[in-house]
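Every number here is computed from the coordinates shown, using simple stated rules; none is lab data. Bear in mind the structure is a predicted one, so any value in this text is a computation, not a measurement. Quick reminder, even Gly has a Cβ in these numbers, built from the backbone with ideal geometry, and neighbours come from all protein chains shown.
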Amino acid sequence: MEVPAAPAERAAVDALLGAPESSWDGAHRTAADGRVAFGGFHLAAARRELLLPALHAVQSEIGWISRGALDYVCRRLGVPPAEAYGVASFYALLSLEERPPRVAHVCDDVCCRPHGALELISALNDAIGPAGTVAEGATWLPSPCLGQCDRAPAVFLQMAGEADVVLTAASPEQVLAALRSDGSITPGAAPVVVGEALLGRIGTVDPTSLASHVAHGGYEALQRAVELGPAAVVAELKASNLRGRGGAAFPAGVKWEAVAGSAEPVRYLICNADESEPGTFKDRVLMEGDPFLLVEAMTIAGFAVGAERGYLYIRGEYPAATDLLRSAIVQARAAGYLGRSVTGAGFDFDIEIRRGGGAYICGEETALMNSIEGLRGEPRNKPPFPTQHGLFGQPTVINNVETLMNVPAIVTGGGAAFAEVGTPQSTGTKLYCVSGAVARPGTYEVAMGETLAALIDKAGGPVGELRAVLLGGAAGAFVGIDMLEMPLTFEGAAAHGVSLGSGVVMLFNHSADFPDLVRRVAAFFRDESCGQCVPCRVGTVRQEELLARHLTSGRPLDRALLEEIDRVMKDASICGLGHTAAIAIRSAVDLGLLESA
Amino acid sequence: MLGAGGGTSSYEEIETTDVILLWGSNARDAHPIFFHHLIKGVRNGAKMYTVDPRRTSSAAWADVWLGIDVGADIALANTVGREIITAGLANRSFIEHSTAHFEDYAAAVEEWTLERGEQVTGVPAAVIKEMAHTYATADTAQICWTLGITEHHNATDNVLALISLALLTGHVGRYGSGLVPIRGQNNVQGGGDMGALPNKLPGFQDVEDDEARGKFEALWGHAIPAQAGKHLSLMIEAMEQKEITALYVIGENPAQSEADTSHIESVLNGLEFMVVQDIFLTRTAEMADVVLPAAAGWAETEGTVTSSERRVQRVRKALDPPGEAKDDIDIISQLAERMGRGWGIPTAEEAWDELRALSPMHAGMSYRRLDELGGIQWPCPDEEHPGTQFLHGWLWEDPMPREPAPFVPTPWVPPVDELTDEYPIRLTTGRRLDSYNTGVQSSGYESPLRAGGLIEIAPEDGASLDLAEGDLVRVASRRGAIEVPVYFHESLRPGLAFMAFHFPDEAAVNELTIDAWDPKSGTAEFKATAVRIEKVA
């Protein structure tokens, strides 16, 4: 039986969807409703992509999603309650159980852990109680990486009825004060951002002002793109040999060319801003520092591939970047840079923001598409690839934030000039998220081909005696100090059996508790596995158990089993999560990092 | 009117058609297998309208639901027909080439303006117009219906009114377009095909046609009565008048399934002799003089079934029937022997081959071919014939091989059981997903969905009658009264009530229903009863 929603819950949903039009979608019943109803499958299918935004609307206004609120969302959208429940329960930031209005999600992941998170958690334990304890309208919960590793420890404050906030370098006093709503929340220290090309404008350009963007050369690239025409833009991108910066390093020009050449008239562009690889924060830095450039880059991409609609799917834990981008889109639209006939150039393009719900897997491109479509964020089988059958089944270009933000310079300066930087196979510059036991954690941009040692030097060198570097995040690998001379290129990393991944360079020194860190990585994958395919769902659990057996009982590590689990997950998982879930753990074992235990 | 006793189209076609009019059918609950095919069609892009007094779970799938008054189907169909004609959307060349008496039809529907249509049906004129235009201009479209059309005193006219719409637009006799009465069991179609009709021999051959009958008489070596028999409603009348004094019931439970239960019980009790052949000891069987336990058709016998799309499929025996239960062929053959006409006990295939010799539409369906092709759709006149995916393709042939299909004007007549101040609420009946007919086959199983015997009314009526959900109410019609708990449901508008007929023991809805029946089909008007609802103090 349907449970009625509270007025505040209805208001939260109606603020997003508008008022209902008939009793069949939630209004008070009139005589006319007994004679006709418009609805059915097609209307529900068209509205389905509003499911996640509607659930977010309730969550952020009320603090949790009651049965009545869920039923009301279902009625408004024509979604069966069981399906909506499946979607709502998929995301960590959405709660189907009552939660107090203020929730502190405290990062206890690999970087924050040794940099204050464990002390912070212990203080919260003392002050409030164990995770989930409700006191004075507030609680705290442990969280995977929040993408603030350069300013650890990080806390994401999810606040019902008010704006969500992130605390960096958070002290227990700060967190407790925020949970009690005592006074204003002081912003954290400015991040360290070092770079010339992509990062060059950050700190100079005003991220809240379109005028500032234009004053600093904004929209010259779009104008140039329009002069060149779509085919030439794609050709420049191919000439640049820009490879994807999200981790997979796929040539961006190949994707664009495939979609631009599609016979399907409806195509989509997606900017993957669901940056959630532990240790990664460079996309956030780009979005917070230079949001208009991303909007412009997406517009160029839409123009080049013939997409009229772009989705920007951003991590739910990035409220500041979300607000800045929202404002940038509104300003760009008002000035004619988005919408019908962009800048009078005769093409239509607009951008919609979709907020993630706290699910690492949604960074996987097809899971992200399912998430936009209002389904559970479970990856799809590939092929077909998104360039043929992507969002809503249409040809889709999906690029990472950093990848897209390279585009304006490629358009204005030409693909060949871009390709002159770096190596033939790894062109341009690359952003690295340097964190952990390092003097100046921050975002560093270096030309492709710099060595790992040079990058670490740039960040002031290690703190203490360096023992290992986690390269590429939880899905990447630990590398030892014998590999510091490795050139940071796609091919250079591959030659060493590792990958640059999303640009994570996390340093660990002599004081690091590697067994604890490795168990945290194993727990992360077990928690974030979507559960759709068996190898990953079971494999990530078995792997964690195997580590626990070794590390708590002192029994020898069952390496053969670890390798077998890894092989099964690599061979038979649907997506990259399963493929990479054992890499960091195996690399730690191979480096002997667990042996001090 | 088109001269075939089956739906014109295949399941495959509902999956690819452009427009679906689901009229008087809650197929999602009552015909879930067909509805799966229909959902595929909707997912493939078909626009769907449902015409139903209630906004059923089927209607929830529809782009548009038309909340018609019970028994106003002809009014709606005539209005749609007139609108198609006046808007110039009728398929003139098809009408000219393939139909007859169009002018009579056009003249008869002339009074059915959109305004009058709205007035009689309750459906807004703009919505009627929209459905008319969408149906008429679709490339392919199907009208599907079930008992909401046929359980009325004017059932045949209801069907004819729908057929007229197909003739008007040419939505028949082509792949994807058609007229589809959905069958409620896996073999309802087969029952009719095999001659379980008072006026037909197997293969829909008219019993009053001397040539057809002669063929059967020659093979069977026995004369067959040359007049059509009585359909169920006439049989009941004849039993009442002691014209029929003995009854042989096979796989039916009339004591609970017929309208006006107390009346039918007294009629059955008045018989001199009743035999019931069934796999369950039904209420009817309890009243019988002799019960012949039968084998379950789907697991304990060999044979065939025929689905709504006219597809004959084989059924294979997996188990021996328990105890003294016997295959129907066995029972009938042994009865024949005791009656002095021993023909041995044929196998199912032998019986089938005899049918193939007599029924041209089944002639090509050997067991071997049924196996090879996974079933065959009739007609299949010879062993080279692949079967027929859709019927009435001849309508589109030039020249036409048969007489054109006639339009038959259908005047609207309201339900017999009038609404008055004394009986102000229209009660309609139907099925639920978890239960089956009178519950003989489904009440032995539990279901989390089962609501049990209750009456559903509009929340507004609940308020005005000062009722709370779960209250016991007395529901009275001109024929009887029952006491049941009441629940509110938004699928009902004020003045409309609903009961399922699955629970004759706890909620004997047919104590209330009227046995006014359609003179042409013999179906009673289960769908339209006037009742009064009062709180039981």
Theoretical FRET efficiency, 1/(1+(r/R0)^6), r = Cβ-Cβ of A:A494 and A:A169, R0 41 Å, to 0.05
0.70
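Convex hull over the Cα atoms of the protein assembly as shown, averaged projected area in nm²?
For the protein assembly as shown, averaging the hull's shadow over all directions gives 53.6 nm².
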Give me the one-decimal Kirkwood hydrodynamic radius in Å for the stretch B:6-57, with the sum taken over alpha-carbon pairs.
11.2
As an exercise, take the mean of 1/r over every pair of distinct alpha carbons in the stretch A:445-597, invert it, and state the Kirkwood radius in angstroms.
16.0
Scaled radius of gyration (Cα, divided by 2.2 N^0.38 Å) that chain A gives:
0.95
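Report the rotationally averaged projected area of the stretch B:264-394 based on its alpha-carbon convex hull, in square nanometres.
Averaged projected hull area, Cα only: 10.8 nm².
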What share of all Cα pairs of the stretch B:327-458, in percent, falls into each consecutive 10 Å distance bin?
9, 17, 16, 25, 25, 8, 0
Row for the stretch A:209-281, column shape: gyration tensor on C-alpha, a ≥ b ≥ c, rounded if a/c < 1.5 i.e. under 1.5, prolate if a/b over b/c, else oblate; value oblate
So what is the relative contact order of chain B, in percent, for Cα pairs below 8 Å that sit 6 or more residues apart?
17
How would you order B:267-279, A:97-109, B:208-220, A:357-369 from highest to lowest mean count of nearby Cβ atoms within 10 Å?
A:357-369, A:97-109, B:267-279, B:208-220
Which of the listed residues, B:P411, B:C380, B:M400, is farthest toward the dipole's positive end in the stretch B:375-429, when Lys, Arg count +1 and Asp, Glu count -1 at the beta-carbon?
B:P411
Give me the percent of Cα-Cα pairs in the stretch A:241-333 that sit more than 17 Å apart, rounded to a whole number.
53
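Provide B:S98, A:S122 in ascending order of the number of other Cβ atoms located within 10 Å of each residue's Cβ, fewest first.
The order, fewest Cβ neighbours first, is A:S122, B:S98.
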Report the antiparallel proportion of the DSSP beta bridges in chain B as a percent, rounded to a multiple of 5.
40
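What do you get for Rg/Rh of the stretch A:381-512 when both radii come from the Cα atoms and Rh is the Kirkwood radius?
Rg divided by Rh gives 1.04.
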Using the Cα centre as the reference, give the magnitude of the dipole from point charges on the C-beta atoms of chain A (Lys, Arg: +1; Asp, Glu: -1; all else neutral), rounded to the nearest 20 debye.
820
So what's Rg/Rh here for the stretch B:399-537, counting alpha carbon atoms and using the Kirkwood radius for Rh?
1.09
Antiparallel DSSP beta bridges within the protein assembly as shown, percent to nearest 5:
45
Inside 10 Å of the C-beta atoms of A:478-490, what's the mean count of C-beta atoms belonging to other chains?
0
The stretch A:1-16 and the stretch A:47-98: distance between their alpha carbon centers, rounded to Å:
10
Placing +1 at every Lys and Arg Cβ and -1 at every Asp and Glu Cβ, with all other atoms neutral, what dipole size does the stretch A:242-353 have around its Cα centre, in debye to the nearest 20?
160
With a bin width of 5 angstrom, please list the P(r) values of the stretch B:497-537 as percents of all Cα-Cα pairs, from the 0 bin to the one holding the largest distance.
5, 19, 25, 24, 16, 7, 3, 1, 0
Largest first, please: the extent of the C-alpha atoms of chain B along each principal axis, to the nearest Å.
66, 65, 43
Give or take rounding to whole Å, what are the principal axis extents of the alpha carbon atoms in the stretch A:26-137, in descending order?
63, 29, 19
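In deg cm²/dmol and to the nearest 500, what is the mean residue ellipticity at 222 nm of the protein assembly as shown if only DSSP H runs of at least 4 residues count, each as -39500 (n - 2.57), divided by the residue total?
Here the helix-only value at 222 nm equals -10500 deg cm²/dmol.
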By its C-alpha gyration tensor, with a ≥ b ≥ c as the square roots of the eigenvalues, how is the stretch B:206-331 shaped: rounded for a/c under 1.5, else prolate for a/b larger than b/c, else oblate?
oblate
Sorted from fewest to most neighbouring beta carbons within 10 Å, what does the list A:M1, B:M287, A:M569 look like?
A:M1, B:M287, A:M569
Please report, in debye to the nearest 20, how large the charge dipole of the protein assembly as shown is about its Cα centre when each Lys and Arg carries +1 at its beta carbon and each Asp and Glu carries -1 there.
2860
Going by the alpha-carbon gyration tensor, a ≥ b ≥ c the square roots of its eigenvalues, is the stretch B:1-121 rounded (a/c under 1.5) or, if a/c is not under 1.5, prolate (a/b greater than b/c) versus oblate?
oblate
Would you work out which of B:S464, B:P504, B:I514 lies farthest towards the positive end of the dipole of the stretch B:439-537? Charges go on Cβ: Lys and Arg +1, Asp and Glu -1.
B:I514
Order the peptides B:223-229, B:60-66 from the highest to the lowest mean number of other Cβ atoms within 10 Å of their residues.
B:60-66, B:223-229
Please list log₁₀ I(q)/I(0) at q = 0.18 Å⁻¹ for the stretch A:326-391, using the Debye equation with identical point scatterers on the alpha-carbon positions.
-0.78
Evaluate the relative contact order of chain A (contact order divided by residue number), counting alpha-carbon pairs under 8 angstrom at least 6 apart; express in whole percent.
12
Exposure-ranked with fewest Cβ neighbours within 10 Å first, B:S262, B:S257, A:S240 stand as B:S262, B:S257, A:S240
Largest to smallest principal axis extent of the C-alpha atoms in the stretch A:304-416, angstrom:
39, 32, 28
Which whole-angstrom value gives the distance between the alpha carbon centres of the stretch B:334-373 and the stretch B:270-323?
18
For the stretch B:384-460, fraction of C-alpha pairs farther apart than 22 Å, in %
65
Farthest toward the dipole's positive end in chain A, which of A:G492, A:Y219, A:A197, given Cβ charges of +1 (Lys, Arg) and -1 (Asp, Glu) about the Cα centre?
A:Y219
I'd like the distance separating the alpha-carbon centroids of the stretch A:466-521 and the stretch B:410-451, in whole Å.
70
In nm, give the distance between the simple-model label positions of B:V413 and A:A334, each being 7 Å from the Cα along the Cα-to-Cβ direction.
7.0
Compute from the Cα atoms of the stretch A:82-140 the Rg and the Dmax, the latter being the longest Cα-Cα distance, and quote both in angstrom.
13.8, 42
For the stretch B:78-128, state the average projected area of the convex hull of the C-alpha atoms over all orientations, rounded to one decimal in nm².
3.5
Exercise: per-residue mean of other protein chain Cβ atoms within 10 Å, B:61-69
5
